[in-house]
1. Output yes when any residue across region B:141-162 is part of a helix (DSSP H, G or I) and away from chain A (no Cβ under 14 Å), and no when none is.
2. With the checklist (1) touching a Phe, Trp or Tyr at 6+ places or on another chain (Cβ under 9 Å); (2) more than 25 Å from residue A:29 (Cβ to Cβ); (3) away from chain B (no Cβ under 12 Å) in hand, flag the one item residue A:249 doesn't pass.
3. Can you tell me which residues in region B:257-271 are more than 9 Å from chain A (Cβ to nearest Cβ) and over 17 Å from the mean Cα position of the chain (by Cα)?
4. Exactly one of (1) part of a loop (DSSP other than H, G, I, E, B); (2) more than 24 Å from the chain's Cα centre (by Cα); (3) within 14 Å of chain A (Cβ to nearest Cβ) is unmet by residue B:209. Its number?
5. Kindly check whether there is at least one residue in region A:63-77 that is more than 21 Å from the chain's Cα centre (by Cα), loosely packed, with under 14 Cβ neighbours inside 10 Å, within 24 Å of residue B:159 (Cα to Cα) and not small (Gly, Ala, Ser).
6. Where the second residue is among the aromatic types (Phe, Trp, Tyr) and surrounded by fewer than 17 Cβ atoms within 10 Å (Cβ to Cβ) and the first is over 13 Å from residue A:268 (Cβ atoms) and lies in region A:149-165, which pairs have Cβ atoms under 7 Å and are six or more apart or on separate chains?
7. Given (1) part of a helix (DSSP H, G or I); (2) buried (at least 17 other Cβ atoms within 10 Å of the Cβ), where does residue A:127 come up short, assuming only one miss?
8. Within region B:108-121, can one find any residue that is aliphatic (A, V, I, L, M), closer than 23 Å to residue B:35 by Cα, assigned to a helix (DSSP H, G or I) and away from chain A (no Cβ under 14 Å)?
Amino acid sequence: MLLIILRRLGQSVFVLFLVAFISFMIFRYVGNPVDNLLGQEATVEQRDALIEALGLNDPLHEQYLDFVTRAVQFDFGNSYRGALPVADMILERLPATLELAIVSALFAMILGTLLGIYTAIRRNGLLANFIMSSSLIGVSLPTFLIGVLLIWLFAVELGWLPSFGRGETVQLGFWSTSLLTVSGLKSLVLPAITLGLYQMTLIMRLVRAEMLEVLRQDFIRFARARGLSERVVYFSHALKNTLVPVITVAGLQLGSIVAFAIITETVFQWPGVGLMFINAVFFVDIPVMSAYLLLVGTLFVVINLIVDLLYLAIDPRIRDGQLRRKSR
Amino acid sequence: MISEKRFLRRFQESDFLHDFKRSPVTIVSFAVVVVLFLLAVFAEFVAPTNPFDVGSLNLMNGFTPPMQPNAFTGEVFPLGADDQGRDLLSAIIFGLRVSLFVGLTAVILAMVLGVSLGLLAGYRGGWVDSLIMRAADIQVTFPSILIAMLIFGVARGLLPPSMRNELAISVLIISIGLSEWVPFARTVRGTTLVEKEKEYVQAARLIGLSSGQIMLRHILPNVLSPVLVIATITLALAIIAEATLSFLGVGAPPTEPSLGTLIRIGQDFLFSGEWWILFFPAATLLALSLSVNLLGDWLRDILNPRLK
Amino acid sequence: MTDSILSVRNLRVVIPHRHGKLVAIDNISFHIQRGEIIGFVGESGAGKSMTGAAIIGLIDPPGYIERGEIWLDNLRIDQSVRGDASLIRGKRISMVFQDPLTSLNPLRTIGDQLMETILTHLPVSAEAARKKAIAGLEEVDIDPSRFGAYPHEFSGGMRQRVVIALALCAEPELIIADEPTTALDVSVQAQVLDLLKRLCRERGASVMLITHDMGVIAETTDRVAVLYAGRLAEIGPTQTLLSNPKHPYTRGLIASTPSVESGDIGTHLFQIRGTMPRLDALPPGCRFHPRCEQIMARCRSEQPEVAKNGAACFLYEDD
């Protein structure tokens, strides 16, 4: 068991270094720090001096190490646009993204699980079929389109909710939150739904499929044969067995919420790190791009690791080495 | 050799056509996809105007609502005109072409890359296999749209500013294509591993056929069915990816807009009441995306005997 | 008749599907006496498991009972809705399945699953239920200290004993055992069967033992019913049927069972020629006629009913 954990950790560390390496390569070779800092009119001597000062002539592995060391200390260099330290930019905008992501994730998980269970139990019911058909639309609709359509309906036509921005925020130390104001909460609704809808449909379909699969199993049949009521069969037996694989996939999906936040933030002009990233791509602001990729990449690796370890903890068969985890 | 007449009869009597005909939803999806596809291919002939000919645009036509004659010029636009006086119907048809072109090409790229790597990994085994599969595992840890954005951003950074708009479409295709190769590779590798042990492969080896020939002519045909299923799924994903990237401003440029770009433009005019600039491109994208998804779902159900 | 605990009359179970209806069980009637062990034997697909499922009300959809009656004592049970049926299921009739590994929820301890069943059917406190559960384990020769263990920690034979404990804990009057020993080692089979037999005799419960193994039938049952393609071929006391089988199919079955005593070693194994027909390709008339050595003209067009001597065959119609 310990061996499995260590191997898994090792894998994660390897991928982390890979992510850092790619991030570093982008930073060093796609970016043009000299031109950006000095402009076009610099003399050759000035350029050489700067190159030396920035350590751009040092051997590659030294530069890489330097990059990583600085990254760990949250020094990502300065943005090409406005020369602000990238780290400060990220810190300022991170709370916005995280609040949005967490609220969306909760929405997706709770509603998705409930609907998934319902459509599995009431398999052939009218409402269940309707929900399943609508879910197909949820999966085919691009996230940005959902956002735009929601804006049109609720902000433009009905005027109930704001169409951009975060509303008023309250500063708690270094964290600015929009959860404590009415305008903040109102501004959160549409973006949270937009961001969470795709995940919700995915989770719902997954829960339904898993539940149906579990309900087909012999031990459910035996439970019924023992006279246990339908309610007990569903909630006491089927549910726990269903949620085990669902947790893994749901966890992985939550990681992608952070990535998809880029889209939602753009639609709603939500001042988070996603919007920051897309602007960086558009304006070819390399330090920002590289830093964002490093952070998000690390996030994904960590999430994957946690989910894998969680799976190990939950299923007693794996704990005792009886079963090899089904890879999805 | 099966004569064509017999093949046609077998097709007509097959389960394939039987299931297709019984599902009205599938027929409609198929029809929609075909219509949209034809519109895109024959854009020049179908569209009333050429929206990119700057000279033909009349700014006075700007903001004309659908089916109403313009106050100044008296021209009528079936789906309205945008802020520049462009006929929206034409813009949508050409935008459809860009969307479909990018989507299809990206899928083909992903398929060629994925299938080749899959065949290689499965057939050669050893370190080649490990390398390719490890790379696949790592890539799959991250969402493909992020990878597409990464590739696009890097490519953009490497190009001089003047070329960025020109090559945007090509870069877009490469970004999306490179982000979607993994499912192809994994499936093909699996099938290759199985087929590799079969007798006809051993026989081919004995005759002296090279690995390349064996992979291409013998193993590949057996792999086509699952590859087709994955291709339809990937097409739907590619279309959405392209629309998303274009909407975000890091895809098809306004000079050669796709449906996503048009929607981005349309969003700006929502509050001022010119709803049609958003609505029609959005509706077209929705129709396209939904139909491709439904068709893909149906194809998957048909081709996957296990689920029957 | 006065002492029968279960009475099945003219039972007909069908499975609808795309192109029509498959008849899984066609007009079967029989009784099960109180305290008897009756075996149901036949090839795979003959309908034995389906009969058991019909009795306990667990036919997999879309299959359903099209016609017939099932009586438990003087209560008619074939029409109960799924919800009502749980007053019977587990309490008065219980069922044991073939694979003990998949019969138990892998994520819950066996003690947990025992207590749950007890508390569902008997109006006792949690404390009393726990005591009963432990007693149940002891009855099936499992160490009570394993109360908190998970299913995968047991061997196949022990798991099946846990399953039996679960089936018996609410004191049912009829136990349907569907191939209870097929998934077990031969050496363990005898143990499990003995256990089942002993426990049921002690409680006066009846057992419907479904199996394809004639050896198990010979060792364990009082009466036996032979099923073929959804119909009863023969039914009667075990010893009589084994020593003097009447239906040609039964004769074939017994002849094809290898036995050490009858000097079968070194000789060819007897086989009934042909195979049992699939449900979508049932022959007209007597279902067995294409394979029968003693076929007569009417066998091709008419279906025989079970005669007084227990065999459904035109050879005995006039007895």
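The values are calculated or read from the model by the stated rules, or taken from the named source; none is laboratory data. Since the model is a prediction, treat every value here as computed from it, not as a measurement. Neighbour counts run over all protein chains shown; Cβ positions are idealised from the backbone, glycine included.
1. Initial filter on region B:141-162 (part of a helix (DSSP H, G or I)): B:144-158, B:161-162.
Those left that are additionally away from chain A (no Cβ under 14 Å): none.
No, because not a single residue in region B:141-162 is part of a helix (DSSP H, G or I) and away from chain A (no Cβ under 14 Å).
2. Residue A:249 satisfies all of (1) touching a Phe, Trp or Tyr at 6+ places or on another chain (Cβ under 9 Å); (2) more than 25 Å from residue A:29 (Cβ to Cβ); (3) away from chain B (no Cβ under 12 Å) except (1).
3. Scanning region B:257-271 gives B:262, B:265, B:268, B:269.
4. Tallying (1) part of a loop (DSSP other than H, G, I, E, B); (2) more than 24 Å from the chain's Cα centre (by Cα); (3) within 14 Å of chain A (Cβ to nearest Cβ), residue B:209 fails exactly one: (3).
5. So far as region A:63-77 goes, no, none of its residues is more than 21 Å from the chain's Cα centre (by Cα), loosely packed, with under 14 Cβ neighbours inside 10 Å, within 24 Å of residue B:159 (Cα to Cα) and not small (Gly, Ala, Ser).
6. Pairs found: A:156/B:271.
7. Every listed condition holds for residue A:127 apart from (2).
8. From region B:108-121, those aliphatic (A, V, I, L, M) are B:108-113, B:115, B:117, B:119-121; that's our starting set.
With closer than 23 Å to residue B:35 by Cα added as a condition, the list becomes B:108.
Keeping just the survivors that are assigned to a helix (DSSP H, G or I) gives B:108.
Checking the rest, the ones that are also away from chain A (no Cβ under 14 Å) come to B:108.
Yes.
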